[in-house]
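In what follows, a structure is listed as structure tokens, so that the remarks can point back to it.
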């Protein structure tokens with residue numbers, strides 16, 4: 001590459017892209033240029049895995065425009081204080097080979113939930129595999145993340161060994177290791193325009209203008225179609241050489257991300273900014289140049305890839321485990337869409353796909369069925385005794401948020417036990433990164449990982465004072481108000497026998513309550529950083545001297561990545577279903593315990609479709625058929641039963657009938673649309 | 001009888017929970033005919049997504065006859081002792097606190113993981129949380145050579161949470 005070669009050792013001033021005011025030029029141990037004046041910090045930052053993220057949001061000027069400009073400037077010249085630039089510049093001089101390692105960000109990779117995304121363990125995995133038995137351990141001293149690849153630098157003699165690791169399984173996911181292609185990800189600083197190298201700020205400004213032109217904020221659409229005919233890009237000389245062209249897209253994505261973080265404050269808003277992307281008519285034969293799109297827009301719903309040159313599934317493989325929320329995909333006018341396996345492959349890859357090449361490939365019912373569990377989701381089971389559990393829960397979480405000490409003094413005693421376990425790999429509601437678990441992990445008693453008896457004992461906290469010590473060290477929390485946000489909670493409760501009688505009077509023990517709570521909380525981190533997480537918490541309450549006449553015997557807390565609340569919203573939600581209401585037994589009485597009450601009673605009586613003593617097999621089968629009719633037609637229980645019993649319990653016939661009669665049915669035949 | 005030490009109790013409870021988790025989920029997946037054997041005859045409340053299931057045999061019946069193939073993956077679990085002098089049933093009644101050994105405990109187990117309903121690995125991973133109370137099986141030391149499960153489910157609450 002001409003630019004890199006020419007500039008590796010010349011003055012920094014002719015490198016528009018990585019010029020930094022006042023930065024002293026330094027050469028590090030491997031002969032790389034270190035542009036950052038603060039050498040000691042820079043060295044420290046060059047530890048493995050530190051990709052030297054640019055501090056795009058730092059800056060103290062009050063004027064937004066000034067700050068924005070600074071941020072952009074800094075981010076583009078961020079190469080100057082990140083190891084990234086050093087590697088890119090110096091790789092020739094330092095005689096290191098670079099390889100890209102992919103696959104570790106795959107959803108199947110168990111390490112990706114590590115606080116650092118698994119980088120650290122990936123590097124030590126690679127070092128181990130690179131090391132010759134009985135030889136000294138191979139070291140990877142330089143690495144950085146680019147999109148979904150970890151780019152590592154190694155001595156040339158290790159290259160062959162390294163490439164052979166390709167295909168090995170790392171934490172459950174196969175790795176792909178290839179020689180690093182410079183052109184693949186070279187950035188703004190090397191985009192020559194019309195023969196001369198413009199300043200990065202200039203390129204950045206042009207790209208920003210281009211994105212602004214192509215982004216429809218209202219429709220959440222980023223239109224990147226037909227790039228070759230865009231006059232602005234032509235003027236920039238983007239398509240004059242293949243090398244420039246291949247650098248363009250990753251650079252564009254970076255500019256997008258930089259701008260986005262200035263426009264939208266919250267990660268959620270950033271995630272939702274774009275739902276649709278079009279890459280129509282871009283002569284794409286594979287995803288090589290555009291693969292970073294999947295990192296920038298992991299939650300994309302609509303993707304137009306039509307009028308490109310994708311030949312087969314292989315050419316799209318890089319996005320196989322990406323875009324988990326994709327609903328619409330257009331690959332029309334590509335050679336691949338003529339392939340007989342095309343539709344099946346895409347349905348298999350994208351579980352939420354509804355429309356493929358403009359044709360409905362999954363109905364709403366099929367989608368719902370896919371999401372549905374074979375065990376129907378019912379309203380919470382809540383069997384309280386004299387509102388004990390209700391009062392306990394009502395008070396518990398606001399006290400836990402605001403006054404943990406007071407809470408301990410009121411319902412915990414010297415025998416109460418608290419333990420905490422962190423499920424770092426739990427499924428998530430969306431693909432955003434999960435905040436690190438550092439503040440919890442040293443107290444996590446996940447018995448899968450904590451296998452030594454001493455550790456199991458030291459992570460058990462029995463008695464008010466030990467629990468106090470732990471709780472005071474855990475991050476501050478804010479749980480949503482139960483009355484105001486009942487849908488965010490799932491709380492169940494029932495009596496259990498066989499607890500120790502604290503008075504010693506009953507040798508066969510006394511009864512108590514088992515309470516299970518699922519919900520979410522905001523963690524208030526350093527600098528008021530807020531991270532939303534999900535939790536599961538189980539209590540055993542027994543009679544005792546605490547507030548409300550209870551004591552906490554057991555309190556087990558499991559924290560995990562935010563997983564939403566959809567899983568416990570009942571699948572059939574029939575607001576205003578009188579018949580169902582009448583047959584529904586013993587609904588819990590208080591709002592605190594019954595999130596579903598707000599959304600309306602369940603559309604089927606409890607236990608409907610489930611075996612029960614005294615229920616005949618025929619009845620059970622019939623109930624199940626009724627449920628199937630309900631789920632496929634959206635009709636109420638009674639109408640569904642009429643439909644299928646009137647057709648001799650033949651599901652097929654009942655559904656055919658429904659299609660014919662749909663338009664003539666009264667509104668009350670249907671369940672209200674679920675919230 | 002001297003009270004059991006903390007070491008012995010922690011070992012007993014965590015070993016029991018580990019053994020349970022390591023055998024119960026594989027049974028739900030591929031050894032469904034044994035499911036009923038995990039439940040105490042006294043099992044009281046058994047819940048799946050809020051649906052009440054009567055007893056161990058009913059759970060087995062559902063899994064054997066009606067359940068799609070399932071793949072469970074336990075990602076985290078923990079346990080605590082609820083009662084360290086659990087009134088284990090005996091031939092003549094119940095063990096009193098004075099008679100309780102280190103094995104006469106009830107154990108609270110909480111499990112977090114995911115489940116896939118269906119055979120394809122491409123199907124969605126649904127997060128679940130499950131709570132159990134385990135109690136000693138008074139007839140674990142059965143007739144020669146026929147050792148039964150040492151710990152049985154007294155109550156169970158399964159919920160999909162993601």
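The values are calculated or read from the model by the stated rules, or taken from the named source; none is laboratory data. Note that this is a predicted model, so its numbers are computed, not measured. Cβ coordinates were reconstructed from backbone atoms using ideal geometry, including for glycine residues, and neighbour counts include every protein chain displayed.
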Q) residue B:107: surrounded by 17 or more Cβ atoms within 10 Å (Cβ to Cβ), at the interface with chain A (Cβ under 8 Å from one of its Cβ atoms) and in contact with a strand residue (DSSP E or B) (Cβ under 8 Å, 6 or more places away or on another chain), yes or no? A) no
Q | Qualifying residue in the range A:449-465 (condition: within 25 Å of the chain's Cα centre (by Cα) and not in a helix (DSSP H, G or I)) | A | yes
Q: Sort out which residues of the range A:468-499 are farther than 28 Å from residue A:568 by Cβ, surrounded by 15 or more Cβ atoms within 10 Å (Cβ to Cβ) and in contact (Cβ under 8 Å) with a residue 60 or more places away in the chain, and write them in order of number.
A: A:468
Q.
Looking at the range A:359-383 only, could you name the residues that are away from chain B (no Cβ under 13 Å) and over 28 Å from the mean Cα position of the chain (by Cα)?
A. A:359
Q) Among the candidates A:163, A:122, A:158, A:126, which residue alone is assigned to a helix (DSSP H, G or I) and surrounded by fewer than 17 Cβ atoms within 10 Å (Cβ to Cβ)? A) A:163
Q. Out of the residues in the range B:74-104 that are at the interface with chain A (Cβ under 7 Å from one of its Cβ atoms) and over 27 Å from residue A:517 (Cβ atoms), which is surrounded by the most Cβ atoms within 10 Å (Cβ to Cβ)?
A. B:87
(Q) Restricting to the range A:422-446, name every residue that is in a strand (DSSP E or B) and farther than 16 Å from residue A:519 by Cα. (A) A:444
Q. Of all residues in the range A:71-118, which are at pLDDT 50 or above and farther than 26 Å from residue A:437 by Cβ?
A. A:94, A:95, A:96, A:97, A:98, A:99, A:100
Q: Looking only at the range A:544-585, count how many residues are at pLDDT 65 or above and more than 13 Å from chain B (Cβ to nearest Cβ).
A: 7
(Q) I want to confirm something. Restricting to the range B:38-73 and keeping residues that are within 7 Å of chain A (Cβ to nearest Cβ) and closer than 26 Å to residue A:447 by Cα, which single residue is surrounded by the fewest Cβ atoms within 10 Å (Cβ to Cβ)? (A) B:45
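This table checks each residue for (1) in the same structural domain as residue A:655 (by the TED database); (2) in a helix (DSSP H, G or I); (3) surrounded by fewer than 17 Cβ atoms within 10 Å (Cβ to Cβ).
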{"site": "A:367", "(1), (2), (3)": "no, yes, yes"}
{"site": "A:393", "(1), (2), (3)": "no, yes, no"}
{"site": "A:405", "(1), (2), (3)": "no, yes, yes"}
{"site": "A:414", "(1), (2), (3)": "no, no, yes"}
{"site": "A:420", "(1), (2), (3)": "no, no, no"}
Q. Filter the range A:501-533 for residues that are within 7 Å of another protein chain (Cβ to nearest Cβ) and at pLDDT 90 or above; which is farthest from residue B:100 (Cα to Cα)?
A. A:518
